[in-house]
Amino acid sequence: MLAGAISVADAGGAAATDLDLYLFRDQDGKGLDASDVVGLSAGPGADESIALALPPPGTYRFAVVGFKTQGPSTFDFTTWLGADPTPDDPASPSTAPGLTVGGDPKVVAPGDGVDLRVAWSGLSADGTYLGLVTYHEQDPPDPQAPLGSTLIRVVKGPG
């Protein structure tokens with residue numbers, strides 16, 4: 001998973017600030033240009049985010065564009081890069097947050113609904129955490145061949 005997010009633009013107080021977020025991938029090895037855009041978040045306002053569940057290997061770059069600002073703008077920019085060597089094992093590494101899915105595997109047919117239990121562990125610090133759940137048609141799953149995925153986001157703040 002590769003993700004990036006803009007937050008707290010102009011200390012959260014400039015409603016007129018509109019920032020856009022682009023994600024580029026150097027697809028031909030010749031540097032980045034407009035044809036290399038693989039993600040775009042350009043809604044009204046400044047809180048923008050992009051997430052790619054299973055990006056192909058390569059060189060990536062995020063770019064923040066000031067679509068509308070009142071002079072220089074400041075913002076927080078956060079990135080996430082997830083590559084889990086032991087999926088379904090939140091204890092590895094033991095110091096990192098973990099995401100588990102319970103109630104699987106399930107045999108389903110198209111259109112069937114399935115309830116799965118998702119649980120986080122190791123969320124000791126305040127912040128935003130991202131996790132990825134993938135769906136497969138074989139057991140054990142082939143990590144390189146999911147049928148679909150769901151991005152799980154949790155924000156932990158002061159209690």
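The values are calculated or read from the model by the stated rules, or taken from the named source; none is laboratory data. Keep in mind it's a predicted model, so treat the numbers as computed, not measured. Using ideal geometry, Cβ is built from the backbone for each residue, glycine included, and neighbour counts are taken over all protein chains shown.
Quickly run through the range 101-159 and pick out the residues that are among the hydroxyl-bearing types (Ser, Thr, Tyr) and in a loop (DSSP other than H, G, I, E, B). Don't jump to the end; show me each part of the working.
Applying the first criterion (among the hydroxyl-bearing types (Ser, Thr, Tyr)) to the range 101-159 yields 121, 124, 128-129, 134-135, 149-150.
Across the range 101-159, the qualifying residue is only Ser124.
Can we say Pro105 is under 15 Å from Leu54 (Cβ atoms), at pLDDT 80 or above and more than 18 Å from the chain's Cα centre (by Cα)? Criteria not met by Pro105.
List the strands (runs of 3 or more DSSP E) inside the range 1-78, counting only whole elements, that have at least 1 residues being of a type in the set (Asp, Glu). Steps first, please.
Working: elements: 2-7, 18-25, 37-41, 49-52, 60-68.
Qualifying strands (runs of 3 or more DSSP E): 18-25.
Residues in the range 74-92: is at least one more than 17 Å from the chain's Cα centre (by Cα) and modelled with pLDDT of 90 or more?
First pass over the range 74-92, keeping only residues more than 17 Å from the chain's Cα centre (by Cα): 74-75, 85-86, 88-92.
Cutting the leftovers down to modelled with pLDDT of 90 or more gives us 74-75.
Within the range 74-92 (the criterion being more than 17 Å from the chain's Cα centre (by Cα) and modelled with pLDDT of 90 or more), the answer is yes, since at least one residue qualifies.
Starting from residues that are under 19 Å from the mean Cα position of the chain (by Cα) and not charged (D, E, K, R), keep the ones in the range 17-32 and report whichever is farthest from Lys68 (Cα to Cα). Can you show your working first?
So the first thing to find is which residues in the range 17-32 are under 19 Å from the mean Cα position of the chain (by Cα), and the list is 19-25.
Subsequent filtering for residues that are not charged (D, E, K, R) retains 19, 21-24.
Values: Leu19: 7, Leu21: 13, Tyr22: 15, Leu23: 19, Phe24: 21 Å.
Top of the filtered list is Phe24.
The residue pairs whose first member lies in the range 104-121 and is touching a residue at least 24 places away in the same chain (Cβ under 8 Å), whose second member is assigned to a loop (DSSP other than H, G, I, E, B), and whose beta carbons are closer than 8 Å, counting only pairs six or more residues apart or on different chains, are Pro105/Asp139; Trp120/Pro97; Ser121/Pro90; Ser121/Pro97.
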